[in-house]
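Asks: The following block contains the structure, expressed as structure tokens.
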Amino acid sequence: MSKLIKSIRGMHDVLPDDSHRWQAFENTIRQLMASYGYKEIRMPLVESTDLFCRSIGEVTDIVEKEMYTFEDRNGDKLTLRPEGTASCVRAGIQHGLLHNQIQRLWYEGPMFRHERPQKGRYRQFHQFGVEAYGIETPDIDAELILIGARLWKQLGLKNIRLELNTLGSNQARAKYKEVLIEYLNKHHALLDEDSKRRLLTNPLRVLDSKNPEMKAMLDDAPALMDHLDDESRQQFDKLSARLDATGIEYTLNPRLVRGLDYYCKTVFEWVTDELGAQGTICAGGRYDGLVEQLGGKATPAIGFALGVERILSLLEAQQEQEADVIDVYFLMLGDTCEVKGLQLAENVREHYPDMRMVTHCGGGSFKSQMKKADKSGARIALILAEEELSNEQVTLKYLREKKDQMTVKFEDLVASLADIQTIDA
């Protein structure tokens, strides 16, 4: 017997009992983005490897350790996308969407990173991302943060806090790196191996270390906020004023640096304490130099991405999830009843497109069909047998409520179902 083939480690199926949670989240996202005037963009799953080396940075963990990279039959080096921003910028440049234009875009889909699988961190994971191009003023920074805050409200999520920082301009950050490297070299003996490696490649990431033995030393490190250029400081002050005016609470986190090379100025994370080590559920910031870095004209840009699996895990932890409720299960006994029943069912669907109705298929006795109706979780069973058919009526039986069953004429069936439409209708 051949060995059973299973899904690849860290890449999971979304089963029917869970898919409705994804659909509800996706519907909320689509409606929210439309309300802010953002348009959807869809990019390929596979891109040139060079795209991510140039954007994310060749010495980042993602590029060095985590990307799924391969050569195709033409010898081209390709990569399954590990994140969405670089692909979105590439698409914008390629199709002339960015130069001297304002674009508000969003996307959703799978990303791939070869990491050690754990709860909230998978090798295929799903991101929802938002990107805004062509606006250099901090009002767009505030808008993206407000979108996040409104999303948590619409989803009913609680205990999520906003952490905020600024990395300054690329020039200011380069000068700060020199000061930081000098400080860290003075305390080289306290650095763990990971931090020693980062000191040579991406020293700002050392500040993000979770090693408790380094905490006191890092707390005394020079602060990036003290090395900002005037423009970055003014922009951050304006952003803070707009968040204060709209009632958004936040914590200034001077150690928040983000892991990708392209970030500058505003960076932020939405964080929860209810998911263990994977506490960041949404993160983003400005990347004003990336469009030019990838071959386009200089364009201000900002965006954020959230992990869909983490959001759904938090929803599951905080809320009692409702089942994917079936409204009506239509039983039909016999060939003649099946013909008429399908006609009646389609007429109901024509009037109530949001009603969730299962029409029984596969035949079987009344008892077996009723078992399936009950197992489906339906609120109502419609029954069409020979007696009902001869009287041109359907029996309506309540499965979850203590109400007497009744018979309704064919012509009255649509009206009789008006009060049991799904709440989403």
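Asks: For the structure I just gave you, tell me whether Leu199 is over 29 Å from Leu146 (Cα atoms), modelled with pLDDT under 85 and in contact with a Leu (Cβ under 9 Å, 6 or more places away or on another chain). Spell out how you get there, then give the answer.
Replies: Details: over 29 Å from Leu146 (Cα atoms): yes; modelled with pLDDT under 85: yes; in contact with a Leu (Cβ under 9 Å, 6 or more places away or on another chain): yes.
Here the answer is yes, as Leu199 does meet what is asked.
Asks: Using the structure shown, decide if Phe70 is assigned by TED's automatic domain parsing to the domain that holds Arg286 and either over 23 Å from the mean Cα position of the chain (by Cα) or modelled with pLDDT under 90 (or both). Don't jump to the end; show me each part of the working.
Replies: Values: assigned by TED's automatic domain parsing to the domain that holds Arg286: yes; either over 23 Å from the mean Cα position of the chain (by Cα) or modelled with pLDDT under 90 (or both): yes.
Judged against the criteria, Phe70 is a match.
Each row is one residue, and each column tells you yes or no for (1) crowded, with 17+ Cβ neighbours inside 10 Å; (2) under 30 Å from Tyr107 (Cα atoms); (3) modelled with pLDDT of 90 or more.
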position: Ala323; (1), (2), (3): no, yes, no
position: Phe330; (1), (2), (3): yes, no, yes
position: Ala381; (1), (2), (3): yes, no, yes
position: Glu386; (1), (2), (3): no, no, yes
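Asks: Go through the residues of the stretch 389-398 one by one and say whether even a single one is buried (at least 17 other Cβ atoms within 10 Å of the Cβ), touching a helix residue (DSSP H, G or I) at 6+ places or on another chain (Cβ under 6 Å) and part of a helix (DSSP H, G or I).
Replies: Checked against the condition, which is being buried (at least 17 other Cβ atoms within 10 Å of the Cβ), touching a helix residue (DSSP H, G or I) at 6+ places or on another chain (Cβ under 6 Å) and part of a helix (DSSP H, G or I), the stretch 389-398 yields at least one hit.
Asks: Being over 29 Å from the mean Cα position of the chain (by Cα) and loosely packed, with under 14 Cβ neighbours inside 10 Å narrows it down to one of Ala172, Ala221, Ala216, so name that one. Spell out how you get there, then give the answer.
Replies: On the way: Ala172 fails: loosely packed, with under 14 Cβ neighbours inside 10 Å; Ala221 fails: loosely packed, with under 14 Cβ neighbours inside 10 Å.
Answer to the selection: Ala216.
Asks: Now, a different point. Of everything in the stretch 161-183, what is modelled with pLDDT under 85 and not in a helix (DSSP H, G or I)? Give them in sequence order.
Replies: Ser169
Asks: Just to be sure I understand, how many residues within the stretch 114-157 are assigned to a loop (DSSP other than H, G, I, E, B) and either surrounded by 17 or more Cβ atoms within 10 Å (Cβ to Cβ) or out of contact with any helix residue (DSSP H, G or I) (no Cβ under 6 Å at 6 or more places or on another chain) (or both)?
Replies: First pass over the stretch 114-157, keeping only residues assigned to a loop (DSSP other than H, G, I, E, B): 114-117, 119-120, 122-123, 134-137, 156-157.
Checking which are either surrounded by 17 or more Cβ atoms within 10 Å (Cβ to Cβ) or out of contact with any helix residue (DSSP H, G or I) (no Cβ under 6 Å at 6 or more places or on another chain) (or both) leaves us with 116-117, 119-120, 122-123, 134-137, 156-157.
Counting residues in the stretch 114-157 that are assigned to a loop (DSSP other than H, G, I, E, B) and either surrounded by 17 or more Cβ atoms within 10 Å (Cβ to Cβ) or out of contact with any helix residue (DSSP H, G or I) (no Cβ under 6 Å at 6 or more places or on another chain) (or both) gives 12.
Asks: Of the numbered conditions (1) outside the structural domain of Phe268 (by TED's automatic domain parsing); (2) within 27 Å of Gln234 (Cβ to Cβ); (3) buried (at least 17 other Cβ atoms within 10 Å of the Cβ), Tyr183 fails exactly one; give the number of that condition.
Replies: So Tyr183 meets the others, but not (3).
Asks: With the structure loaded, tell me whether Ser35 is out of contact with any strand residue (DSSP E or B) (no Cβ under 8 Å at 6 or more places or on another chain) and in contact (Cβ under 8 Å) with a residue 40 or more places away in the chain or whether it fails that test.
Replies: Working: out of contact with any strand residue (DSSP E or B) (no Cβ under 8 Å at 6 or more places or on another chain): yes; in contact (Cβ under 8 Å) with a residue 40 or more places away in the chain: no.
The answer is no for Ser35.
Asks: Also, quick follow-up: Within the stretch 320-341, which residues are more than 15 Å from Thr395 (Cα to Cα) and over 30 Å from the mean Cα position of the chain (by Cα)? Show your work before the answer.
Replies: Within the stretch 320-341, the first condition is being more than 15 Å from Thr395 (Cα to Cα), and the residues that meet it are 320-327, 334-336, 339.
Answer for the stretch 320-341, where residues must be more than 15 Å from Thr395 (Cα to Cα) and over 30 Å from the mean Cα position of the chain (by Cα): Gly334, Asp335, Thr336, Val339.
Asks: In this structure, does Leu344 turn out to be surrounded by fewer than 21 Cβ atoms within 10 Å (Cβ to Cβ), in contact (Cβ under 8 Å) with a residue 60 or more places away in the chain and in the same structural domain as Ala385 (by TED's automatic domain parsing)?
Replies: Working: surrounded by fewer than 21 Cβ atoms within 10 Å (Cβ to Cβ): yes; in contact (Cβ under 8 Å) with a residue 60 or more places away in the chain: yes; in the same structural domain as Ala385 (by TED's automatic domain parsing): yes.
Judged against the criteria, Leu344 is a match.
Asks: Might you check whether a residue that is under 39 Å from the mean Cα position of the chain (by Cα), among the charged types (D, E, K, R), at pLDDT below 90 and farther than 22 Å from Val339 by Cβ occurs anywhere in the stretch 409-419? Walk me through it before giving the result.
Replies: The first filter runs over the stretch 409-419 and keeps only residues under 39 Å from the mean Cα position of the chain (by Cα), leaving 414, 417-419.
With among the charged types (D, E, K, R) added as a condition, the list becomes 419.
Still in the running and at pLDDT below 90: 419.
Still in the list and also farther than 22 Å from Val339 by Cβ: 419.
Within the stretch 409-419, one or more residues are under 39 Å from the mean Cα position of the chain (by Cα), among the charged types (D, E, K, R), at pLDDT below 90 and farther than 22 Å from Val339 by Cβ.
Asks: Quick one: which residue in Leu252, Leu207 is modelled with pLDDT under 85 and either closer than 22 Å to Asp194 by Cβ or surrounded by fewer than 20 Cβ atoms within 10 Å (Cβ to Cβ) (or both)? Before the answer, list the steps.
Replies: On the way: Leu252 fails: modelled with pLDDT under 85.
Answer to the selection: Leu207.
Asks: Quick one: in the stretch 350-379, of everything that is hydrophobic (A, V, I, L, M, F, W, C) and in contact (Cβ under 8 Å) with a residue 12 or more places away in the chain, which residue is surrounded by the fewest Cβ atoms within 10 Å (Cβ to Cβ)? Before you say what the answer is, go through the steps one by one.
Replies: Step one: list which residues in the stretch 350-379 are hydrophobic (A, V, I, L, M, F, W, C), which gives 355, 357-358, 361, 366, 370, 373, 378.
Then drop every residue that is not in contact (Cβ under 8 Å) with a residue 12 or more places away in the chain, which leaves 355, 357-358, 366, 370, 373, 378.
Details: Met355: 18, Met357: 18, Val358: 17, Phe366: 11, Met370: 18, Ala373: 23, Ala378: 22.
Across the stretch 350-379, the extreme among qualifying residues is Phe366.
Asks: Please indicate, with yes or no, whether at least one residue in the stretch 43-53 is charged (D, E, K, R) and over 19 Å from Ile311 (Cα atoms). Talk me through it step by step, then tell me what you get.
Replies: Of all residues in the stretch 43-53, those charged (D, E, K, R) come to 47, 50.
Going one step further and asking which of them are over 19 Å from Ile311 (Cα atoms), we end up with 47, 50.
Yes, there is a match, as at least one residue in the stretch 43-53 is charged (D, E, K, R) and over 19 Å from Ile311 (Cα atoms).
Asks: Tally up the residues in the stretch 212-228 that are modelled with pLDDT of 85 or more and in a loop (DSSP other than H, G, I, E, B), please.
Replies: So the answer is 4.
The values are calculated or read from the model by the stated rules, or taken from the named source; none is laboratory data. All of these numbers come straight from a predicted model, not from anything done at the bench. Glycine also receives a Cβ, built like all others from the backbone with ideal geometry; neighbour counts cover every protein chain displayed.
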